[in-house]
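Notes to accompany the following structure.
The values are calculated or read from the model by the stated rules, or taken from the named source; none is laboratory data. No experiment lies behind these values; they were computed from the predicted model shown. Here the Cβ is made from the backbone with ideal geometry for all residues, glycine too, and neighbour counts use every protein chain on show. Quick note on the areas: whole protein, heavy atoms, side chains included, nothing else; ligands and nucleic acids left out. Shrake-Rupley method; radii C 1.70, N 1.55, O 1.52, S 1.80 Å.
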Amino acid sequence: MRRLFLLSVVLPALALALLGLVLLGAFAKQMETSVEKERIRSAEGVAQAQTFVWRGLLDLRLDRIAAQTDEAALVDHLRALVDADPLVRNAFLWRKGEGCVWPRSAGCNETERDFLQRYRPLFSGAVPWTPPDSPSRNEGEGSGDIQTRGYRPWASGDRADLLAWVRNPDGSIAGFEVESVRILADAEQGHREADEANAARRTSRKGFASEIRDASGRVLVPAVRPVSGNVPFGESSLAPLFPQWRLRVYGTDESAAGYARLFVALAAVLLGLLLCSLVAGGALLLRAARKERLDALRKTEFVSNVSHELRTPLTSIRMFADLLSSGRLSNDEDRRKALETISSESARLSRLVEGVLDFSRLERNRRRYAIEQIDLIEFVQNMVGVRPDGPAVAALADRDAVKQILTNLLDNAAKYAPGAPPEIIVRESGNGLVLLDVLDRGPGVPPHARKRIFERFYRADNSATREIGGNGLGLSIARGLARGMGGDLVYTPRPGGGSIFTLSLPPA
Ligand code: ADP
């Protein structure tokens with residue numbers, strides 16, 4: 001049975017649990033990676049938006065440069081840009097083979113010299129204007145491979161600079177170097193405006209905050225709002241304009257990851273509950289089956305006990321009846337004794353049959369009670385001839401049932417504690433019930449059997465009970481009757497040895 005339970009319930013349940021855990025783990029991992037991807041994507045989205053805004057600013061200026069009709073006007077315009085446009089740090093006009101046409105290295109000022117110096121590889125023609133792997137290669141509306149407009153990130157030392165340029169119809173290239181301090185200030189302004197727009201739209205001020213850092217992790221543009229409570233959400237490079245800079249997005253962790261964790265925890269709890277109920281259900285079934293088997297065993301035992309009990313009185317009745325009919329009993333005294341035995345044995349027989357019938361009536365809930373007021377002291381005195389100790393209390397009960405219970409208890413006392421007659425005490429309990437104790441000085445009931453002696457067919461298994469006749473029904477019937485009248489019957493070991501059976505009944 002236990003093997004079956006293990007094989008059919010515990011093992012599958014464990015396998016299920018294992019599978020469930022593995023699946024949950026995989027699911028959680030999957031969820032986390034997808035959340036991670038989502039975050040990176042959102043960071044990339046913010047970076048793209050930032051780049052888009054910047055490009056708009058630069059394109060505006062490149063358009064104006066491209067609109068200049070002759071070289072003199074162009075140089076004038078470039079000069080004006082350097083002087084007046086805060087977004088422009090340096091400007092230039094470059095022609096293939098000639099290098100920088102404006103500003104020329106001869107006769108330029110300090111700033112210009114530094115500028116020319118820094119971009120020497122570009123201006124000297126050593127590196128192409130559009131690097132082969134540049135993402136801005138398809139920029140503009142140029143024909144074929146010739147690009148008409150571009151942005152050239154330029155890293156020198158720990159500086160990140162950017163050249164924006166246009167190709168003129170004559171092949172020369174004009175453009176400007178972006179004032180990166182200024183463009184960062186612009187980004188900061190942008191972040192603030194976006195944040196305000198966000199706050200206006202939502203009731204809570206939760207959400208995103210972003211900052212820009214350079215390659216070494218130095219913060220160039222801090223987040224508009226403090227980000228301490230927020231977790232880094234994702235990071236993206238600001239290529240193609242500023243590949244050395246990174247945009248980091250923060251968010252409060254009310255995101256999908258939290259829900260995923262909650263979901264997984266919930267699923268785990270549910271799985272655990274399912275397993276528990278599976279195992280518990282299995283265990284209950286097992287217990288029920290075991291009880292059933294014991295019951296069946298006891299019933300068989302009961303049948304053999306009852307048969308035995310029936311046979312004993314029947315045998316003596318038949319024996320004495322034979323004796324009587326054979327006429328071998330010569331004197332009246334012997335005949336009277338034989339008749340007495342026959343009478344008492346028949347009484348025992350009918351008691352036995354009554355008991356079995358009672359039991360079956362009780363089992364089928366067919367027993368009806370004629371409840372009336374009973375003075376217990378008087379009742380016991382009439383029954384056993386001795387006035388019990390205790391106050392004159394009245395109970396509400398069925399006379400026959402109480403008599404049957406008492407007979408049973410007294411029979412048991414006579415059987416198991418034959419030394420001295422049992423004591424009977426009538427008393428009232430604290431909660432108003434009427435109590436009737438039957439006390440003996442017999443062997444008592446061993447601890448392991450105390451609960452079970454009231455089970456039907458149960459007999460404490462020891463040499464004493466085996467010798468003494470019985471069918472294990474007496475106490476079961478007695479308790480059934482007591483409970484049927486709204487009372488109870490319990491056992492307590494008697495201090496100093498022996499048993500106390502206490503019948504409780506509702507008070508009158
Ligand atoms: P039976 O007496 O026919 O075996 P009962 O239901 O009356 O069945 O009793 C159940 C068991 O309780 C008995 O087998 C016996 O072991 C135990 N028992 C009952 N009364 C007493 C008692 N007064 N002293 C000790 N053991 C008792």
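For the chain, what is the accessible area per residue in Å² when the probe is 1.4 Å?
57
Give me the lysines in straight-line cross-link reach of LYS403: C-alpha distance below 19 Å, same-chain residues under 8 apart excluded.
LYS415
Is segment 283-399 rounded, prolate or oblate when judged by the Cα gyration tensor, a ≥ b ≥ c being the square roots of its eigenvalues, rounded requiring a/c under 1.5 and prolate requiring a/b larger than b/c?
oblate
Tally Lys/Arg at +1 and Asp/Glu at -1 over every other residue whose Cβ is under 12 Å from the Cβ of GLU38; what's the total?
0
Indicate the gyration tensor shape class of segment 233-330 (rounded, prolate or oblate), computed on the Cα atoms with a ≥ b ≥ c the square roots of the eigenvalues: a/c under 1.5 is rounded; otherwise a/b larger than b/c is prolate and the rest oblate.
prolate
May I ask for the net charge around PRO86, where only other residues with Cβ less than 12 Å from the Cβ of PRO86 are counted and Lys, Arg are +1 while Asp, Glu are -1?
Cβ neighbours under 12 Å give a net charge of -1.
Considering the options GLY20, VAL46, LEU58, tell which one lies farthest towards the positive end of the dipole of segment 1-71, charges being +1 on Lys and Arg and -1 on Asp and Glu at the Cβ, about the Cα centre.
GLY20
If we restrict to alpha carbons, what Rg and Dmax does the chain come to, in Å?
52.6, 167
Taking a ≥ b ≥ c as the square roots of the eigenvalues of the Cα gyration tensor of segment 355-463, is the shape rounded (a/c under 1.5), prolate (a/b larger than b/c) or oblate?
Verdict is oblate for segment 355-463.
As a check on your grasp of the helix formula, calculate [θ] at 222 nm for the chain: sum -39500 (n - 2.57) over DSSP H runs of n ≥ 4, divide by the residue count, round to the nearest 500.
-17500 deg cm²/dmol
Leaving out ligands, DNA and RNA, and with a 1.4 Å probe, what % of the accessible surface on segment 143-190 is carbon or sulfur?
Accessible surface attributable to carbon and sulfur in segment 143-190 totals 49 percent.
For segment 268-322, what does the equivalent ellipsoid look like in terms of its semi-axes, each the square root of 5 times an eigenvalue of the Cα gyration tensor, given largest first in whole Å?
Value: 52, 5, 4 Å, ordered largest first.
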